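S.K.: One structure coming up, written as structure tokens, with questions to follow.
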Amino acid sequence: MKNAFATLSEVEDFIWTNLHEAVQRGRHGWHCGVLATSPPEGPEARVVVLRAAERDSRTLRFHTDARSPKHSQLLDFPKVAWTFYDPDPGVQLRVSGTARPLSALATEALWNTLPRRCLKSYATIHPPGSPQETGSADLGPGWESVEPGAIDAAATLPHFSAFEVAIEKMDFLFLRAAGHQRALFAGLHTNAPTQSWLVP
Ligand SMILES: Cc1cc2nc3c(=O)[nH]c(=O)nc-3n(C[C@H](O)[C@H](O)[C@H](O)COP(=O)(O)O)c2cc1C
């Protein structure tokens with residue numbers, strides 16, 4: 001078990017070290033987190049992969065299909081909560097922030113770096129969430145055996161989008177049998193950021 005944190009700056013370093021590691025390592029507990037949006041018709045939450053974390057700009061990034069409901073929701077209602085949990089060592093990170101789509105140029109540059117196998121995620125014929133008659137993956141005839149190499153890569157570019165989340169607040173909870181610890185980092189995109197311990 002990890003020792004208790006002695007200072008808030010130790011907590012902050014731990015958060016960023018782990019966010020960076022979670023981007024790189026699929027088995028890290030924070031590699032996937034639950035991203036919640038809040039359109040007027042009610043909150044929606046889903047798992048997305050953490051694709052980038054940048055401490056200097058205090059931003060996180062995720063990728064999605066530009067045709068998905070969340071894409072249009074985010075353009076209109078960009079406030080998000082993104083929550084991560086790593087059971088070992090028992091740490092929850094609740095991020096609140098504002099999501100902004102990358103520019104078309106930056107999106108294409110990013111798309112060019114994606115491994116070909118990832119493009120399959122953006123190759124459905126119809127928009128994600130469209131009703132259909134069967135349980136097909138909607139990749140065309142013989143969908144169960146479509147190899148990534150058979151995907152029309154260029155056709156996936158307009159479907160690909162990436163959002164950067166400017167972190168406004170991070171609420172960190174460390175679960176320990178001896179007693180939990182909780183810390184809040186707020187105002188992270190203002191001139192007066194604050195940090196404080198909270199009762200867990
Ligand atoms: C482990 C896991 C990782 C996922 N990663 C992503 C992701 O990075 N981007 C994404 O758009 N959807 C991802 N999904 C699918 C979403 O959870 C969701 O089902 C889909 O995006 C549709 O959401 P929407 O209807 O709110 O647009 C992932 C699902 C799981 C289970």
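The values are calculated or read from the model by the stated rules, or taken from the named source; none is laboratory data. This structure is a prediction, so every number in the text was calculated from the model and none was measured. Methodologically, a virtual Cβ is constructed for each residue, glycine included, from the backbone with ideal geometry; neighbour enumeration extends over all protein chains shown.
S.K.: Being touching a Phe, Trp or Tyr at 6+ places or on another chain (Cβ under 7 Å) and either of a type in the set (Asp, Glu) or buried (at least 19 other Cβ atoms within 10 Å of the Cβ) (or both) is the filter here, so list the residues in the stretch 67-91 that pass it.
M.R.: Leu74, Phe84, Asp86, Val91
S.K.: So Trp82 clears everything in (1) in contact with a Gly (Cβ under 7 Å, 6 or more places away or on another chain); (2) assigned to a loop (DSSP other than H, G, I, E, B); (3) of a type in the set (Phe, Trp, Tyr) except one condition, right? Which one?
M.R.: Result: Trp82 fails condition (2) only.
S.K.: Restricting attention to the stretch 73-82, which residues are more than 13 Å from the ligand (Cβ to nearest atom) and either in contact with a helix residue (DSSP H, G or I) (Cβ under 6 Å, 6 or more places away or on another chain) or in contact (Cβ under 8 Å) with a residue 40 or more places away in the chain (or both)?
M.R.: Lys79, Ala81
S.K.: Now, a different point. Taking into account only those residues within the stretch 85-114 that are touching a residue at least 12 places away in the same chain (Cβ under 8 Å) and under 26 Å from Gly149 (Cβ atoms), which is farthest from the ligand (Cβ to nearest atom)?
M.R.: Glu108
S.K.: Could you name every one of the strands (runs of 3 or more DSSP E) located completely within the stretch 26-72 that has at least 3 residues being modelled with pLDDT of 95 or more and near the ligand (Cβ under 10 Å from one of its atoms)?
M.R.: Hits in the stretch 26-72: 32-37, 44-49, 59-65.
S.K.: Of the residues in the stretch 32-47, how many are under 16 Å from the mean Cα position of the chain (by Cα) and surrounded by fewer than 18 Cβ atoms within 10 Å (Cβ to Cβ)?
M.R.: Pass one, the stretch 32-47, residues under 16 Å from the mean Cα position of the chain (by Cα): 32-38, 44-47.
Going one step further and asking which of them are surrounded by fewer than 18 Cβ atoms within 10 Å (Cβ to Cβ), we end up with 32, 34, 36, 38, 44-47.
Here the count works out to 8.
S.K.: Which pairs have Cβ atoms under 8 Å, sit 6 or more apart or on different chains, and link a residue in the stretch 141-153 that is in contact (Cβ under 8 Å) with a residue 24 or more places away in the chain and of a type in the set (A, V, I, L, M, F, W, C) to one that is part of a helix (DSSP H, G or I) and exposed (fewer than 13 other Cβ atoms within 10 Å of the Cβ)?
M.R.: That search, which allows pairs on different chains as well, returns Ile151/Arg116; Ala153/Arg116.
S.K.: Let me ask something else. Which of the residues belonging to the stretch 169-200 are free of Cβ contacts under 8 Å to residues at least 24 places away in the same chain, part of a loop (DSSP other than H, G, I, E, B) and touching a strand residue (DSSP E or B) at 6+ places or on another chain (Cβ under 9 Å)?
M.R.: Within the stretch 169-200, His180, Gly187, Thr190, Pro193, Val199 qualify.
Conditions tested, residue by residue: (1) of a type in the set (Ser, Thr, Tyr); (2) in a helix (DSSP H, G or I); (3) surrounded by 13 or more Cβ atoms within 10 Å (Cβ to Cβ).
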{"residue": "Val95", "(1), (2), (3)": "no, no, yes"}
{"residue": "Leu110", "(1), (2), (3)": "no, yes, yes"}
{"residue": "Lys120", "(1), (2), (3)": "no, yes, yes"}
{"residue": "Thr124", "(1), (2), (3)": "yes, no, yes"}
{"residue": "Ile167", "(1), (2), (3)": "no, no, yes"}
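S.K.: How about the stretch 129-152: which of its residues are away from the ligand (no atom under 16 Å from the Cβ), in a loop (DSSP other than H, G, I, E, B), among the charged types (D, E, K, R) and under 28 Å from the mean Cα position of the chain (by Cα)?
M.R.: Within the stretch 129-152, Glu147, Asp152 meet the criteria.
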